[in-house]
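What follows is one structure encoded as structure tokens, with my remarks underneath.
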Amino acid sequence: MNQLFSIRSFLVVVLGVVSTMASARTISDLDAVHKAAVQRTLVMRIAKDHLQMAAGVDYQASRADMEASIEEYEFLLGQLELNSPNSNLNQRVLDIKRDWQKFRSVALTVASQESSLELIEEGNDLMLKNDLLMREWQARLPHLYGERIDLAQQQSMLSQRIGVYYLAQYIGVEADWLQDEMQFTVTAYETGMEELRLASEDAAVDPLIVAQLSSNWDYAKLGLEQFSSGKYVPVVMSVTMESMVKQTDTLAAAYHIRDRIAMNGGRILGESSLAANISN
């Protein structure tokens, strides 16, 4: 593996001073943060679908979902390239485009143990670069804006990443770092879950969604305990993780709306829950 990625390095925040340049932009910096955060999830989702195909878990649906995720990733990447406000961000997008082509090529090969390991390695590097892109874009925002979008979308990505490592061990991918990365990912998700519980006091989100997410996570941990004992339930884990991703995507969308309202000088509605009105 060229550059073994761990959740510990993923959590490093990149801050920098960026210069602005004139361009015809159609999305805001806040929108760009959300889109780059979504791309992290899509990278892991594509890898998860590829491994599900290798495992024979709902092959046709996994293939269709992977192709849809590839299309979405490329659409978002095009938007970010067109809306890059300075040369630093534009260069990051161009670097990602090069890595994306290799990742995409591996994702579309016949799914196997070998292709799965290569895709995990390429996916970790690509996801890290998307994270760095998001954080550099986030540095353009006022203090604290975009942070909870990042938190909720991070949980979506981590859900998919847990699924990737679960399936990797299920199909017998051999790499001595897989179990360590799984544990780092589970620990990071647990930490993020605690932050989401605290953040659920914010009137921008429906606390019921966070409660449901917490319940799903407790159920997923039971599956992970069985996994540690050599008992695999890939279909059950896939369904559970998918539900968790939908819930954290909904939270991210609610936080996006909240920040956008605040940045536009509006008031966040005191008792209404934005997340409750966003469809999955």
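The values are calculated or read from the model by the stated rules, or taken from the named source; none is laboratory data. Fair warning: this is a prediction, and the values are worked out from it, not measured in the lab. Backbone-built Cβ (ideal geometry, glycine too); neighbour counts: all protein chains shown. What goes into the accessible areas is simple: the full protein's heavy atoms, side chains included, and nothing from ligands, DNA or RNA. Shrake-Rupley method; radii C 1.70, N 1.55, O 1.52, S 1.80 Å.
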(request) Work out the charge dipole of the chain with +1 on the Cβ of Lys and Arg and -1 on the Cβ of Asp and Glu about the Cα centre, then indicate which of 264, 155, 77 is farthest towards its positive end. (result) 264
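What FRET efficiency comes out for residue 28 versus residue 212 if R0 is 22 angstrom and r is the Cβ-Cβ distance? Round to the nearest 0.05. Before the final figure, lay out each step's value.
On the way: r = 30 Å, r/R0 = 1.37.
Taking R0 as 22 Å, the efficiency between residue 28 and residue 212 is 0.15.
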(message) If R₀ is 45 angstrom, what is the calculated FRET efficiency for the pair residue 201 and residue 98, using the beta carbon separation as r and rounding to 0.05?
(response) 0.60
(request) Quickly work out the residue 180-to-residue 68 label distance, labels modelled 7 Å from Cα along the C-beta direction, and quote it in nm with one decimal. (result) 3.7
(request) Kindly sort 58, 249 by accessible area of their heavy atoms, largest first, with the probe set to 1.4 Å. (result) 58, 249
(message) If I model a spin label at residue 139 and residue 239 as a point 7 Å from the Cα along the Cα→Cβ vector, what separation in nanometres do I get?
(response) 4.5
(request) Sequence neighbours fewer than 8 away in the same chain don't count; with that in mind, list the lysines whose C-alpha is under 24 Å from residue 246. (result) 35, 48, 129, 221
(request) Sort 97, 102, 35 from largest to smallest accessible area, using a 1.4 Å probe on the heavy atoms of the protein chains. (result) 102, 97, 35
(request) Quick one: dipole size for segment 29-264, taken about the Cα centre, charges +1 on Lys/Arg Cβ and -1 on Asp/Glu Cβ, in debye to the nearest 20. (result) 320
(request) Determine the per residue accessible area of segment 29-264 with all protein chains present and a 1.4 angstrom probe, expressed in square angstrom. (result) 39
(request) Among 89, 212, 166, flag the residue with its Cα farthest along the positive direction of the charge dipole of the chain, charges on Cβ as +1 for Lys/Arg and -1 for Asp/Glu. (result) 89
(message) Just to verify a number: what accessible area does residue 143 come out at with the full protein assembly present, 1.4 Å probe, Å² rounded to tens?
(response) 150
(request) Using a 1.4 Å probe over the heavy atoms of the protein chains, calculate the carbon and sulfur portion of the accessible area of the chain as a whole percent. (result) 52
